[in-house]
Amino acid sequence: MTDLTFVSTNPGKAREVAAVLHPYGVRVRWKRRELPEPQASTLEEVVAAKLDAVRDLRGRVLVEDSGLFIPSLRGFPGVYSAHFLKIWKFGPIFELLRARPRGAYFRTVAGLQEGRRRAMFAGEVRGSIARRPAGRNGFGYDPIFVPVGWVRTFAEAPVEAKNRISHRSRAIRKVGEAMAGGRPFG
Ligand code: IMP
């Protein structure tokens with residue numbers, strides 16, 4: 001087994017990351033730490049700032065950042081997903097999408113760092129915004145996101161079903177493959 005420290009304040013994400021990486025022979029230690037979320041235009045910039053903030057940690061360290069992107073709203077809320085949800089919830093999105101295409105995708109960028117070396121891995125899941133919120137599982141935008149090929153939202157599905165196809169699990173599986181291949185920094 002190789003060890004990896006996952007830094008986040010979210011225990012749910014830590015459990016998901018540990019479950020996804022276990023089959024790759026990676027043991028995940030969760031370190032709870034508040035990380036900077038600068039106003040930036042890409043997830044990659046946010047992840048780079050988070051990696052800068054964990055330089056003091058030894059060994060392999062993993063951080064991630066995610067967002068919901070709606071192409072008909074020019075990618076909004078995107079990197080502002082967390083701020084937007086906290087202040088406005090779902091109302092304005094439903095309002096804005098009354099006359100616009102409802103396609104959307106979640107995207108995660110995971111950042112792996114060891115000493116001076118770092119690498120980023122992205123994962124996405126495509127879908128659409130539901131007509132109304134449904135379901136109690138998951139978190140964040142899960143009640144309004146219907147993945148392609150599903151008729152229900154992420155929040156209506158068991159967490160294992162979401163994790164099989166989620167943006168985060170797709171990005172983290174790439175981390176696992178790179179680590180299992182022995183050259184995670186290329
Ligand atoms: P962060 O990566 O924790 O900063 O997430 C940004 C925002 O996207 C937060 O408001 C989350 O609620 C939302 N988000 C991230 N991942 C998911 C997910 O898997 N489902 C639903 N919402 C998510």
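Just to verify a result, which residue in the range 83-115, among those that are aliphatic (A, V, I, L, M) and more than 15 Å from I144 (Cα to Cα), is most open to solvent (accessible area, probe 1.4 Å)?
Restricting attention to the range 83-115, the residues satisfying the condition of being aliphatic (A, V, I, L, M) are 85, 87, 93, 96-97, 99, 104, 109-110, 112.
From what is left, the residues that are more than 15 Å from I144 (Cα to Cα) are 87, 99, 109-110, 112.
On the way: I87: 123, A99: 99, V109: 1, A110: 0, L112: 0 Å².
In this case the residue turns out to be I87.
For (1) among the aromatic types (F, W, Y); (2) in contact with a Leu (Cβ under 9 Å, 6 or more places away or on another chain); (3) free of Cβ contacts under 8 Å to residues at least 12 places away in the same chain, each residue gets a yes or a no:
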| site | (1), (2), (3) |
| --- | --- |
| G12 | no, no, no |
| V17 | no, yes, no |
| Y24 | yes, no, no |
| W30 | yes, no, no |
| L43 | no, no, no |
| L57 | no, no, no |
| L62 | no, yes, no |
| F69 | yes, no, no |
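Among the numbered criteria (1) part of a helix (DSSP H, G or I); (2) open to solvent by less than 40 Å² (accessible area, probe 1.4 Å), which one does P184 miss?
If we test P184 against (1) part of a helix (DSSP H, G or I); (2) open to solvent by less than 40 Å² (accessible area, probe 1.4 Å), just (1) comes out false.
Is it the case, given these coordinates, that R60 is touching an Asp or Glu at 6+ places or on another chain (Cβ under 6 Å), under 27 Å from R183 (Cα atoms) and open to solvent by 30 Å² or more (accessible area, probe 1.4 Å)?
On the way: touching an Asp or Glu at 6+ places or on another chain (Cβ under 6 Å): yes; under 27 Å from R183 (Cα atoms): yes; open to solvent by 30 Å² or more (accessible area, probe 1.4 Å): yes.
So R60 fits the description; yes.
Every residue, every condition in (1) more than 13 Å from the ligand (Cβ to nearest atom); (2) assigned to a loop (DSSP other than H, G, I, E, B); (3) among the β-branched types (V, I, T), yes or no:
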position	(1), (2), (3)
K13	no, no, no
R29	yes, no, no
D56	yes, yes, no
E64	no, no, no
F84	no, no, no
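Among the residues of the range 116-134, how many are open to solvent by 40 Å² or more (accessible area, probe 1.4 Å) and either among the polar types (S, T, N, Q) or not in a strand (DSSP E or B) (or both)?
Selection size over the range 116-134: 5.
Given the criteria surrounded by 15 or more Cβ atoms within 10 Å (Cβ to Cβ), touching a residue at least 60 places away in the same chain (Cβ under 8 Å) and closer than 20 Å to A180 by Cα, does A48 qualify?
Numbers: surrounded by 15 or more Cβ atoms within 10 Å (Cβ to Cβ): yes; touching a residue at least 60 places away in the same chain (Cβ under 8 Å): yes; closer than 20 Å to A180 by Cα: no.
No: the conditions fail for A48.
Considering the range 141-168 alone, what residues qualify as being buried (at least 20 other Cβ atoms within 10 Å of the Cβ) and either of a type in the set (S, T, Y) or on the phi > 0 side of the Ramachandran plot (or both)?
Y141, T153, S166, listed by residue number.
The values are calculated or read from the model by the stated rules, or taken from the named source; none is laboratory data. Please read all numbers here as calculations on a predicted model, not as lab measurements. A quick note on method: Cβ atoms are made from the backbone with ideal geometry, for glycine too, and the neighbour counts reach across all protein chains shown. Surface areas here come from the heavy atoms of the whole protein model, side chains and all, with no ligands, DNA or RNA. Shrake-Rupley method; radii C 1.70, N 1.55, O 1.52, S 1.80 Å.
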